[in-house]
Structure formats: structure tokens, C-alpha cells
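**Student:** I have a structure here, written as C-alpha cells, and I will follow up with some questions on it.
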Amino acid sequence: MAFKVIKESILKYNDDIAENIRTLLKEKKILMVNIISSPGAGKTTFLEKVGPMLGRKGIRFAIITGDCFTSRDAERIDALGLEVVQINTGGACHIDAALVKNALEEINISGKDLIIVENVGNLVCPAEFDIGEDMKIAFLSTAEGADKPLKYPLVIKESKLAVVNKVDLLKYVDFDMDFSEKCIRQINPGLEVIKISCKSGEGIERVLEWIKNKIKIKKENVL
Amino acid sequence: MHEIKLTENIVAILEREVASPEVGRVKKVHLEVGRLRYIVPEIMQTAFINIPKSEKLEKAVLEIKTLPLEIKCQTCGAVSMLKDFRSDFICGKCSSEDVKIVSGDEFNITGIEW
Ligand SMILES: Nc1nc2c(ncn2[C@@H]2O[C@H](COP(=O)(O)OP(=O)(O)O)[C@@H](O)[C@H]2O)c(=O)[nH]1
Ligand SMILES: [Mg+2]
Ligand SMILES: [Zn+2]
């Protein structure tokens, strides 16, 4: 018997492409955020809400939406006159770096400040795949139960911001916010949590400020 | 569900490794995967069988070592192992909630046997 020691990350191929994307976006000083949630948490609704607000603040951006088969989300965003590229994963439960690379080629990225990626609705696999983003945003909602951070710790661990959407529903659903926040802190102590409602608009401005601040930091970072 | 895509990556890495002439027909491929990676070994093994491979890899099987989810207490320094994701993230020794994950996100090919 012969043995050869290898120490190679299984994600190497994906990570290499992700690094290329990161280098490109660093050069162009464009911030990219990767929004990860379970289906129905409100990612597309959030983008419909926040897109026009970003525009009014003079932020130049494009949206990449991932979906297994349909282009429903992209159509919703397109209807608002926002720049959007649809990625169909052909059934795969996540977006990977190669798909994002192709999508970026369809966008005129020069002059952009921000790329927002709506990942496929799934709290497991998207957390696994680096797509060259500056940060992942874990997008939770009150309708899905307070224990999701505990059940899906990787996405919490990998994120730089946690958004808890649908706080307007708190009076109807049994969602223990303190418990949820406690779980989040245990998995990722420094993680900022912003509570929002896409319905009432509560908290959206805070997320916007958070993103604006990250864009500013990215632009100031000299190569 | 992400096992298939990841297994394709594994095959791609292995094809490059077995290209060197000193490597014979591979019997076993060793992987180490942390609990946080949510890998179901059986699904990955089946995917591995089904993905087309070169002759040297045809008969290979995946030996997947699952590494535990471990947390380190920031108060007393003790390292405790968590059985599953749903267990409370608290120190097994002093029950402090101030803990950090120290292992569980490994995801490597560690070797091949032939
Ligand atoms: N009550 C309430 N409903 C919301 C909120 N945000 C989104 N929704 C609803 O949740 C459903 C799923 O939203 P969608 O944006 O498609 O979720 P996605 O799958 O994460 O993109 C839709 O019916 C939205 O109208 C919110 O803040 N409050
Ligand atoms: Mg959507
Ligand atoms: Zn302790």
C-alpha cells in the first residue's frame, strides 16, 4: 500500500474563482454583499424596498438574484426599473463563484458602488460557497422560528450582519427575540443584529446606513 | 444537496493528484469534514461513485472522517464538544455562555491510498 498526503481544501476550485472576483471588485472598489436566508424570509421584498432608496441616495448598484429555475424574483426587481441579472442554478441549492463571475460579465460594473446578491433561499449550502463577496448577510425572519441560528450556525458564523425581518408579525407569532439574539451572539459574538419590517419600513434605514458605511470603507481602502 | 457539487470538486482535485506517474490505482480517499459542514457521508459517497472519473480513480471509495463541533470557553478556557447543533452553546465545565467555536468547519482532502 502506498499513501500520499494531500492537504487541499475541497472548496479550492470555487475559492480560486471567488478570489478572482474579490480582486476584481477590490480594484474597482465595488462592495458586494451576499444575502442568505430561508425561502420566504423576505429577501426580494427587502430589495424592492431598499433598491429605490439606494437610488435616491445616489448609490449606483446592480442586483444579482439566484433562483433554482424561475426568474420571478428578477422580474419583480426589473419591474421597478432596477438593474438586475438573473442566475438560474438549474436546481442547485446555492450560487457558486463561477455563476457569479458569469453574472458580473453581464453587468456594466464600472462606476458601480455596490452589487447585491440574493442567494437561493436556503440556510445551509449558500453559507458554504464563497462567491467573492465582502460580506454575507444572514437574513432571518420572525415567522420562521427563533431557533434558526442554532440550527444553521454556519451562516451565522460566516456573516457580518444579521437582519431579522417581519418584526411587524411579532404580535402574532411566538418568536423569542431574546433567545434568537442570544444564540446569534454565542455563535458569532460580534455580529450586529438589525430588526426590520419590510412591511412597515421599520429598521430599513439602519440597514441602508450599514451598507453605506461599508461602501465608504471599501472606497477608502487603498490597494 | 450541496454534496454533488462538492464531490465534483473532490474529483477535480483528485484527477490532478493521480496524474503523477508514481500514483497507482487509488483504493481510498481520505477526507476530514467538520460537523458544521452539514455533509451526509452516504450522499457524498454515492455522488462520488456516480461522477465519471479516470481509470486510476474508478475503484476508489471515500473514507470520510467527521470532526466534532468544539467550543472553547472564553472564561475558563475549557474546550467542550457539542453533540449536535441544537445543544446549547455553553461551556461544559463552568456553563459560561462566552464561548467560541474552535473546530467543526474543516473541509479537506487529507490523502489517498493505493
Ligand atoms: N408581514 C410581513 N410580510 C413580509 C415582510 N417581508 C416580506 N414579507 C412577505 O413574505 C413573503 C415572501 O417574501 P419574498 O420577498 O418573496 O421572500 P424571499 O423568498 O426571501 O425572496 C411575501 O409574501 C412578502 O410579502 C415583512 O416585513 N412583514
Ligand atoms: Mg426571493
Ligand atoms: Zn468555562
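The values are calculated or read from the model by the stated rules, or taken from the named source; none is laboratory data. Values in this document were obtained by computation on a predicted structure and should not be read as measured data. As a convention, Cβ positions derive from the backbone with ideal geometry for all residues, glycine included, and neighbour counts pool all protein chains shown. These area figures cover heavy atoms from the full protein model, side chains too; ligands, DNA and RNA do not enter into them. Shrake-Rupley method; radii C 1.70, N 1.55, O 1.52, S 1.80 Å.
**Student:** Which residues does the label zone of residue A:206 cover in the range A:180-194, counting backbone N under 18 Å from a point 7 Å along Cα→Cβ?
**Tutor:** Output list for this probe position: A:180-186, A:188-194.
**Student:** Within 10 Å of each Cβ of A:156-164, how many other protein chain Cβ atoms are there on average?
**Tutor:** 1
**Student:** When the accessible area of the range A:15-69 is split by element with a 1.4 Å probe, what percent falls to carbon and sulfur? Could you put the intermediate results ahead of the total?
**Tutor:** Working: 1190 of 2190 Å².
The value for the range A:15-69 is 54 percent carbon and sulfur by accessible area.
**Student:** With a 1.4 Å probe on protein heavy atoms only, tell me which residues of the range B:1-45 lose at least 20 Å² of accessible surface in the complex relative to the chain by itself.
**Tutor:** Going by heavy-atom accessible area, the residues of the range B:1-45 that drop by at least 20 Å² are B:1, B:2, B:5, B:6, B:9, B:12, B:13, B:16, B:17, B:36, B:37, B:38.
**Student:** Quick one: Kirkwood hydrodynamic radius for the range A:117-172, alpha-carbon pairs, angstrom, one decimal?
**Tutor:** By the Kirkwood definition, the hydrodynamic radius is 12.0 Å.
**Student:** Out of all DSSP beta bridges in the range B:2-113, what portion is antiparallel? Express it as a percent rounded to 5. Display every interim value, and only then the final one.
**Tutor:** Numbers: 14 of 21 bridges.
Percent antiparallel among DSSP bridges in the range B:2-113 is about 65.
**Student:** Moving on. Using a 1.4 angstrom probe on heavy atoms only, work out the carbon and sulfur share of the accessible area of chain B in %.
**Tutor:** For chain B, the apolar C and S fraction of the accessible surface comes to 53 percent.
**Student:** Report the label-to-label distance for residue A:1 and residue A:56 in nanometres (one decimal), using points 7 Å from each Cα along the Cα→Cβ vector.
**Tutor:** 6.8 nm
**Student:** Among DSSP beta bridges whose residues both lie in the protein assembly as shown, state the antiparallel percentage, nearest 5.
**Tutor:** Counting DSSP beta bridges with both partners in the protein assembly as shown, the antiparallel share is about 35 percent.
**Student:** Something else now. Computed FRET efficiency, Cβ-Cβ of residue B:28 and residue A:76, R0 56 Å: what is it to the nearest 0.05?
**Tutor:** Numbers: r = 49 Å, r/R0 = 0.88.
Calculated transfer efficiency: 0.70.
**Student:** Specify whether the C-alpha gyration tensor of the range A:2-219 places it in the rounded, prolate or oblate class, a ≥ b ≥ c being the square roots of the eigenvalues: rounded for a/c under 1.5, otherwise prolate if a/b is larger than b/c and oblate if not.
**Tutor:** Since a/c reaches 1.5 but b/c is at least a/b, the shape of the range A:2-219 is classed as oblate.
**Student:** So, one more: Averaged over B:99-111, how many beta carbons belonging to a partner chain fall within 10 Å of each residue's beta carbon?
**Tutor:** 4
**Student:** Now for a separate question. Measuring with a 1.4 Å probe in the full set of protein chains, what accessible area per residue, in whole Å², belongs to chain B?
**Tutor:** It amounts to 51 Å² per residue over chain B.
**Student:** Also, quick follow-up: When ranked by the protection proxy of mean other Cβ atoms within 10 Å per residue, highest first, what sequence do the peptides A:99-106, A:188-195 form?
**Tutor:** Put in order of decreasing packing, that is A:99-106, A:188-195.
**Student:** What is the mean number of Cβ atoms from other protein chains located within 10 Å of the Cβ atom of each residue in peptide A:176-183, rounded to a whole number?
**Tutor:** Per-residue shielding by partner chains comes out at 1.
**Student:** Relative to the present Cα-Cα distance, how much length would full extension add between residue B:59 and residue B:42 at 0.36 nm per residue of separation? All intermediate terms of the calculation are to be shown ahead of the outcome.
**Tutor:** Values: separation 17, 0.36 × 17 = 6.12 nm, distance 1.65 nm.
Length gained, residue B:59 through residue B:42: 4.5 nm.
**Student:** Then there's this: Just need the Rg to Rh number for the range B:2-113, please, alpha carbons only, Kirkwood Rh.
**Tutor:** Reported Rg/Rh (Cα atoms, Kirkwood Rh): 1.13.
**Student:** Assign unit charges at the C-beta atoms only (+1 for Lys and Arg, -1 for Asp and Glu), then state the dipole size of chain A relative to its Cα centre in Debye, rounded to the nearest 20.
**Tutor:** 580 debye
**Student:** Additional query: Mind checking how much accessible area B and A bury in total, 1.4 Å probe, in Å² rounded to 100?
**Tutor:** That pair hides around 3500 Å² of surface in total.
**Student:** Taking the mean number of other Cβ atoms within 10 Å as a proxy for protection, how do you rank A:213-220, A:4-11 from highest to lowest?
**Tutor:** Highest to lowest by the protection proxy: A:4-11, A:213-220.
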